[in-house]
Ligand SMILES: [Zn+2]
């Protein structure tokens with residue numbers, strides 16, 4: 001932000017123009033008309049966001065490599081990966097719903113994390129990445145449609161539940177997804 005001191009910045013809400021000033025560490029500048037945040041100083045924000053998104057990528061790989069749900073029925077245990085849900089719906093003749101599950105639980109979260117890593121790694125090393133604007137808009141556009149943006153704090157499967165005469169084990173998978181959600185949200189807050 002120090003490079004932009006003395007330049008004009010417009011409020012995103014009302015387009016009111018302000019001269020940029022140097023902020024103290026952790027400081028923030030608000031619009032004088034509506035109070036919307038204009039810019040902030042987050043100490044070491046690139047390194048912290050990068051660490052959080054790298055952790056999110058590792059969690060994404062782990063979340064997709066181990067069973068998300070396990071159904072114990074008469075001593076037999078059926079395990080499912082995260083990707084299995086979309087495929088099962090497709091095989092049941094609900095292809096559109098299966099595609100939606102695949103996009104929101106696999107494709108959009110992965111694109112969000114990879115897009116942010118592309119931006120953060122380039123910026124961390126002082127480079128302006130090609131396509132920075134479109135990638136940023138894509139990440140912001142996908143975030144609300146991604147499972148990462150909507151996993152509730154108390155997932156209904158956070159625990160072992162009786163399901164008919166069987167038993168549903170899903171807490172480990174839910175914890176992994178919940179951790180992934182927390183890392184991505186914290187990473188977005190640092191950037
Ligand atoms: Zn404003």
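Every number here is computed from the coordinates shown, using simple stated rules; none is lab data. Predicted, not measured: the structure shown is a model, and the values here were computed from it. Positions of Cβ are generated from backbone atoms using ideal geometry, with glycine treated the same way; all protein chains shown enter the neighbour counts.
Structural remarks
- Counting 0.36 nm for each residue step from residue 138 to residue 41 and taking away their Cα separation leaves a gain of 32.5 nm.
- Here each label is just a point 7 Å from Cα along the line to Cβ, and for residue 96 and residue 17 those points are 4.9 nm apart.
- Taking other Cβ atoms within 10 Å as a rough exposure proxy, 181, 18 sort from fewest to most as 18, 181.
- Ranked 104, 112, criterion: other C-beta atoms within 10 Å, fewest first: 104, 112
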